[in-house]
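Student: Okay, handing you the structure first.
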Amino acid sequence: MNTEQNTLLCSVGAALLMGTLGVSFALITNSRAILLDGLFNLTYFAVALVTVRVAGLAVQPDSSEFPFGYAYFESLINAGKGVLILGISAVALIDSLMALFSGGRSVAAAPAIFYAVLATALCSLTAWWLQRRRREVDSPLLHADVQNWVLDALISGTVLLAFCLVPVFQALGWPQAIPYIDPVLVAAVVIICLGVPVRMAKQAILELLNRAPPALLTEPVTAAIDRVLQRLPVRNRYVRMVRPGRTLYVVVHTVLAEDFPVEQLSTLDQLREELATAIRAVHPMVVVDAMFTAEERWAAPTSGLHEPIAATCQRRTSPGRL
């Protein structure tokens, strides 16, 4: 089993441990905030079992059943994870609002504080360890894991700070405020941390929709392509890119002058090799499809239903969107 899968399995084990602790302490303390923390981890554990399998598939070549490979499985997993966390957050927020309007919720403070200290330490340690491992393996699955554990550490830390208010309120003679600590805490955690699952799901869904990668990646790749093509009589060129998960797919359609001499096919193969080498210098995990033609209609954007109108096609200085 490779390094990435081993790391993910350790993360899965930590999630199961934290999820079990969270649900157990939620029953002891009657805290929905701790229950939310435990459900986050159990949700991650369930998804992570599939994630480990996907990590192995992502590096496999294409097959007759999946002719474009398995890269989109990574985006699908991250999208599912983000949507599941959003769903749990929504339910927790509704429950906390109902508790606020019904007089709050009593919580056993001492075991809640003990859990929060333990959870904050374990989640922070797991996030730190995963970040160190991620330096060895460039994986969007590990990146999502690091985000998950950082979020979990923030939740646990917030739970700790909030439950420390219970003895403070008791000392100040404000016992009527104590039942509201837990529902207010749940609502605050959901609202503050909502951006993480939203960003995770949004990015993954855009990848599934074949949205072009950000300019931070596309611009250097396009520049590398243009350096290779600059010595050719290029009339036009079209670059299309998508990046599901860790794999970058680059389609380069080049319109050459009609009198461009091609004595043998190896000439074009050599150009394809140069393009692939230049692109890999920017992004190592890449699939390059390069086509050379003298007719604009074979390169210009099309809906697939109609022939493109060559007269309306202009040279693009940035990658086109599919």
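The values are calculated or read from the model by the stated rules, or taken from the named source; none is laboratory data. Note that the structure is a prediction, hence the values are computed from the model and not measured. A quick note on method: Cβ atoms are made from the backbone with ideal geometry, for glycine too, and the neighbour counts reach across all protein chains shown.
Student: What are the pairs, 6+ residues apart or on separate chains, where a residue within the stretch 9-32 that is under 27 Å from Trp129 (Cα atoms) has its Cβ under 8 Å from a residue that is modelled with pLDDT of 85 or more and of a type in the set (S, T, N, Q)?
Tutor: Once the first residue is under 27 Å from Trp129 (Cα atoms) and sits in the stretch 9-32, its partners that are modelled with pLDDT of 85 or more and of a type in the set (S, T, N, Q) give Ser11/Thr126; Ala14/Thr126.
Student: Taking the stated definitions as given, is Val239 buried (at least 19 other Cβ atoms within 10 Å of the Cβ) and more than 34 Å from the chain's Cα centre (by Cα)?
Tutor: Judged against the criteria, Val239 is not a match.
Student: Shifting gears a bit: Output the residues belonging to the stretch 259-299 that are among the small types (Gly, Ala, Ser) and part of a helix (DSSP H, G or I).
Tutor: Answer for the stretch 259-299, where residues must be among the small types (Gly, Ala, Ser) and part of a helix (DSSP H, G or I): Ser266, Ala276, Ala278.
Student: Kindly establish whether Glu274 is of a type in the set (D, E, K, R), within 26 Å of the chain's Cα centre (by Cα) and over 30 Å from Ile88 (Cβ atoms).
Tutor: no
Let's see how each residue does on (1) more than 29 Å from Phe73 (Cβ to Cβ); (2) surrounded by fewer than 19 Cβ atoms within 10 Å (Cβ to Cβ); (3) of a type in the set (D, E, K, R); (4) not assigned by TED's automatic domain parsing to the domain that holds Phe114:
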residue	(1), (2), (3), (4)
Asp145	no, no, yes, no
Leu151	no, no, no, no
Phe169	yes, yes, no, no
Asp182	yes, no, yes, no
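Student: Can I ask one more? May I ask you to list the residues in the stretch 224-258 that are farther than 15 Å from Leu271 by Cβ and in a loop (DSSP other than H, G, I, E, B)?
Tutor: Arg243, Pro244, Gly245, Arg246, Thr247, Glu258
Student: Sticking with this structure for a sec: Taking the condition crowded, with 18+ Cβ neighbours inside 10 Å and either over 19 Å from Asn6 (Cβ atoms) or not assigned by TED's automatic domain parsing to the domain that holds Tyr249 (or both), does Ser106 pass?
Tutor: no
Student: Also, I was wondering about something else. Is it the case that the stretch 244-257 has a residue that's farther than 30 Å from Lys81 by Cα, exposed (fewer than 12 other Cβ atoms within 10 Å of the Cβ) and over 32 Å from the mean Cα position of the chain (by Cα)?
Tutor: Yes, the conditions are met somewhere in the stretch 244-257.
Student: Mind listing whichever residues of the stretch 30-53 are out of contact with any Gly (no Cβ under 8 Å at 6 or more places or on another chain), among the aliphatic types (A, V, I, L, M) and surrounded by fewer than 21 Cβ atoms within 10 Å (Cβ to Cβ)?
Tutor: Result: Ala46, Leu49, Val50, Val52.
Student: Among the residues of the stretch 12-29, which ones are of a type outside the set (A, V, I, L, M), under 18 Å from Ser89 (Cα atoms) and surrounded by fewer than 24 Cβ atoms within 10 Å (Cβ to Cβ)?
Tutor: Gly19
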